[in-house]
Amino acid sequence: MVAILSGCLIRKIILPEINVSGSGVGEAKMEIEYVTAVGAGAGNFLNNVNWDPANESNRMGLEYTGYYRIEYYDVAAGEYEFKFAANGELIAN
C-alpha cells in the first residue's frame, strides 16, 4: 500500500530483484513478457481499473532489462493498494 499526501505524478516504479536461498529452494525461471500494475484503481490511479491484471491500460513499459515504467498524472491524495502482475496473471507473482 502507498499513501499519497497530495496530488502528484507517479513516474517510475522499479521492481526489485528478490533472492531466496535455503535447502528446500530450487531455481525457478519465469519468462516475463510484460508487467501490469494492478490494484484498487480510483480516479487517475490505475486508470480507474480495479484488480484486472489483463487490462492493457495499466501495462508498464520496459525501460531496460528488469525495469518497468508507468505514469499516472494528477493522482489524488489517499491510500492506494497495488501490486504487479507478470504476463497478465496475479498467480504468477
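The values are calculated or read from the model by the stated rules, or taken from the named source; none is laboratory data. Computed from a predicted structure; not experimentally measured. For neighbour counting, all protein chains shown are included, and Cβ atoms are generated from backbone atoms with ideal geometry for every residue, glycine included. Ligands, DNA and RNA are stripped out before the accessible areas are found, and what is left, the full protein with its side chains, is counted by its heavy atoms. Shrake-Rupley method; radii C 1.70, N 1.55, O 1.52, S 1.80 Å.
Here are some notes:
- Pro53 in a loop (DSSP other than H, G, I, E, B), of a type outside the set (Ser, Thr, Tyr) and at pLDDT 85 or above: yes
- Which numbered condition Glu56 fails, given (1) surrounded by fewer than 16 Cβ atoms within 10 Å (Cβ to Cβ); (2) closer than 18 Å to Lys29 by Cβ: (2)
- Within the stretch 81-91, the residues that satisfy the criterion of being under 12 Å from the mean Cα position of the chain (by Cα) and either open to solvent by 80 Å² or more (accessible area, probe 1.4 Å) or within 22 Å of Gly43 (Cβ to Cβ) (or both) are Glu81, Phe82, Lys83, Phe84, Ala85, Glu89.
- In the stretch 69-90, residue farthest from Asn50 (Cα to Cα) [restricted to those that are of a type in the set (Asp, Glu) and not in a strand (DSSP E or B)]: Glu71
- Thr65 surrounded by fewer than 19 Cβ atoms within 10 Å (Cβ to Cβ) and modelled with pLDDT of 80 or more: yes
- Filtering the stretch 23-67 to residues that are among the aliphatic types (A, V, I, L, M) and within 18 Å of Gly78 (Cα to Cα) leaves Ala37, Val38, Ala40, Ala42, Leu46, Val49.
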